[in-house]
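Structure, as structure tokens:
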Amino acid sequence: MGAFERLITMQRQYQFKFVGVMEPIQQSRKIERDRRRIGLAQAIVNISNKIWAFIDESLEVTVIIDMVQQLTLKVVDIENKMEFILTLVYAKCDVIERIELWDSLYYLASDMTSPWFVGGDFNVIWDEEKNFGGLPVSLNEVNDFRHCMNTCNLSEGFKGSIYTWWNGRADEDCIFKHLDRFFSNLEFQKLMPGIEVTHLSKIGSDHSPMLRSFNPNATPIKKSFRFLNFWVKHESFKDVVKENWSAYFHANPFTLFNYKLKKLKKALSTWSKATYGDIFQKVASLEEMVVAHEVQFEMNPTHLNRERLQKVQADLIKVWAIEEQFWKQKSGMQ
């Protein structure tokens, strides 16, 4: 299935209000014909020199900045009476050329008071965990990316596979990366408190489509601390408890106990995130890698390909076991 056919299928499933398509201007007649296939009533070409947009009649879209690496729009949802800034990113592969992108985001953030949503292909990973295969990660590139997002007060969250890009190869040439992201500022999170970004499968493309959905009536959920039973099986668990179950002052026993408990809860939360990460994201990522290695083994059933497939399958089984323990505890089973 081609990328455009996938877009039509997704539109029928999710009913988007805004669809942007990067196509040369000479493709305008074809796109105008295809707007009925996509299922949106209105199609315009003057959103920028490189973006065709299919826009629902309940939206008003205005271009603020049109650059090679980013397009910033002002979006007004007339029906829901909402207004926000949307920055769509397609970053250069070169670290020097990306400086222009970071500078443009710094400029936008300097006086940004509106809800702001930033996303697309940043062509750089956030940390080493978001990279499998390929050349070693450049810490300078990672630090530039992180510094820009943190300085602009942008944060993210997502569901699905960690990896959003695959080079379509296997063996020593196989590369998975997390290049596509969506960030938002605090104002946007308040405007759309129920927002979720889900990484969909890579059908029709080497990148994962990112589905953004939200419930404007949802209220923010404060995540409470939950002790997970499988923690105790980890070799470093007792050391974390021993190190943090301490207090260097004298007080009422109940005050002392409360202080120790709060300190340990915070330490265990940080330790769990660093040790296990997001279990469900790991499952989704490993399942995707297993499928890729299965395809490669079927095409070229060598001993080496079998070993690589078995290694990824073993990793998936380990994470499955942890996930099973999580659901077992949550369901109250003995």
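If I ask for residues that are under 19 Å from residue 197 (Cα atoms), β-branched (Val, Ile, Thr) and in contact (Cβ under 8 Å) with a residue 60 or more places away in the chain, which ones from region 77-119 would you list?
118
For region 269-311, give me each residue that is of a type in the set (A, V, I, L, M), more than 24 Å from residue 238 (Cα to Cα) and in contact with a helix residue (DSSP H, G or I) (Cβ under 9 Å, 6 or more places away or on another chain).
283, 286, 289, 290, 292, 299, 304, 309
One residue is enough: does region 312-327 have a residue meeting the conditions part of a helix (DSSP H, G or I) and touching a His at 6+ places or on another chain (Cβ under 6 Å)? Give the steps one after another, and end with the answer.
Step one: list which residues in region 312-327 are part of a helix (DSSP H, G or I), which gives 312-327.
Remaining after also requiring touching a His at 6+ places or on another chain (Cβ under 6 Å): 312.
Yes, region 312-327 contains at least one residue that is part of a helix (DSSP H, G or I) and touching a His at 6+ places or on another chain (Cβ under 6 Å).
If you take the residues in region 256-284 that are more than 32 Å from the chain's Cα centre (by Cα) and open to solvent by less than 80 Å² (accessible area, probe 1.4 Å), which one is nearest to residue 322 (Cα to Cα)? Spell out the reasoning first.
Step one: list which residues in region 256-284 are more than 32 Å from the chain's Cα centre (by Cα), which gives 256-261.
Then keep just the ones that are open to solvent by less than 80 Å² (accessible area, probe 1.4 Å); that gives 256, 258, 260-261.
Values: 256: 33, 258: 30, 260: 27, 261: 25 Å.
The qualifying residue nearest to residue 322 (Cα to Cα) is 261.
Being closer than 17 Å to residue 174 by Cβ and part of a helix (DSSP H, G or I): is that true of residue 290 here? Break it down stepwise before answering.
Working: closer than 17 Å to residue 174 by Cβ: yes; part of a helix (DSSP H, G or I): yes.
Against the criterion (closer than 17 Å to residue 174 by Cβ and part of a helix (DSSP H, G or I)), residue 290 qualifies.
Conditions: (1) open to solvent by 50 Å² or more (accessible area, probe 1.4 Å); (2) in contact (Cβ under 8 Å) with a residue 40 or more places away in the chain; (3) not in a helix (DSSP H, G or I). Residue 304 meets all but one. Number of the miss?
The failed condition is (3).
What do you reckon, is residue 234 touching a Lys or Arg at 6+ places or on another chain (Cβ under 6 Å), surrounded by 11 or more Cβ atoms within 10 Å (Cβ to Cβ) and in contact (Cβ under 8 Å) with a residue 40 or more places away in the chain?
Working: touching a Lys or Arg at 6+ places or on another chain (Cβ under 6 Å): no; surrounded by 11 or more Cβ atoms within 10 Å (Cβ to Cβ): yes; in contact (Cβ under 8 Å) with a residue 40 or more places away in the chain: yes.
Judged against the criteria, residue 234 is not a match.
Taking the residues in region 67-88 that are charged (D, E, K, R) and touching a Lys or Arg at 6+ places or on another chain (Cβ under 8 Å) as candidates, determine which candidate is nearest to residue 123 (Cα to Cα). Steps first, please.
Step one: of region 67-88, the residues charged (D, E, K, R) are 74, 77, 79, 81, 83.
Pick out the ones that are also touching a Lys or Arg at 6+ places or on another chain (Cβ under 8 Å) and you get 77, 83.
Working: 77: 30, 83: 28 Å.
For region 67-88, the residue satisfying everything is 83.
Are any residues in region 68-81 among the hydrophobic types (A, V, I, L, M, F, W, C), out of contact with any Asp or Glu (no Cβ under 6 Å at 6 or more places or on another chain) and surrounded by 14 or more Cβ atoms within 10 Å (Cβ to Cβ), and if so, which ones? Write out each step before concluding.
To start, the set of residues in region 68-81 that are among the hydrophobic types (A, V, I, L, M, F, W, C) comprises 68, 71, 73, 75-76, 78.
Imposing the further condition that a residue be out of contact with any Asp or Glu (no Cβ under 6 Å at 6 or more places or on another chain) reduces the set to 68, 71, 73, 75, 78.
Selection gives 71, 73, 75.
Among the residues of region 25-36, is any open to solvent by 30 Å² or more (accessible area, probe 1.4 Å), among the hydroxyl-bearing types (Ser, Thr, Tyr), modelled with pLDDT under 85 and not in a loop (DSSP other than H, G, I, E, B)?
First pass over region 25-36, keeping only residues open to solvent by 30 Å² or more (accessible area, probe 1.4 Å): 25-30, 32-33, 35-36.
Imposing the further condition that a residue be among the hydroxyl-bearing types (Ser, Thr, Tyr) reduces the set to 28.
Of the ones still in play, those that are also modelled with pLDDT under 85 are 28.
With the extra rule that they be not in a loop (DSSP other than H, G, I, E, B), the set shrinks to 28.
There is at least one residue in region 25-36 that is open to solvent by 30 Å² or more (accessible area, probe 1.4 Å), among the hydroxyl-bearing types (Ser, Thr, Tyr), modelled with pLDDT under 85 and not in a loop (DSSP other than H, G, I, E, B).
Residues are listed down the side, and each one gets a yes or a no for (1) part of a loop (DSSP other than H, G, I, E, B); (2) open to solvent by 20 Å² or more (accessible area, probe 1.4 Å); (3) modelled with pLDDT under 80:
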position	(1), (2), (3)
134	yes, yes, yes
137	yes, yes, yes
140	no, yes, no
143	no, yes, no
147	no, yes, no
153	yes, yes, no
169	yes, yes, yes
172	no, yes, yes
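Which condition does residue 247 not pass, out of (1) outside any helix (DSSP H, G or I); (2) open to solvent by 100 Å² or more (accessible area, probe 1.4 Å), if it passes all the others?
(2)
Please state which of the following conditions residue 239 fails to meet, knowing it meets all the rest: (1) of a type outside the set (A, V, I, L, M, F, W, C); (2) under 35 Å from the mean Cα position of the chain (by Cα); (3) surrounded by 12 or more Cβ atoms within 10 Å (Cβ to Cβ).
Status for residue 239: all satisfied but (3).
The values are calculated or read from the model by the stated rules, or taken from the named source; none is laboratory data. Keep in mind it's a predicted model, so treat the numbers as computed, not measured. When we count neighbours, we look across all protein chains shown, and the Cβ atoms used for this are built from the backbone with ideal geometry, even at glycine. The accessibility values were calculated without ligands, DNA or RNA, using every heavy atom of the protein model including side chains. Shrake-Rupley method; radii C 1.70, N 1.55, O 1.52, S 1.80 Å.
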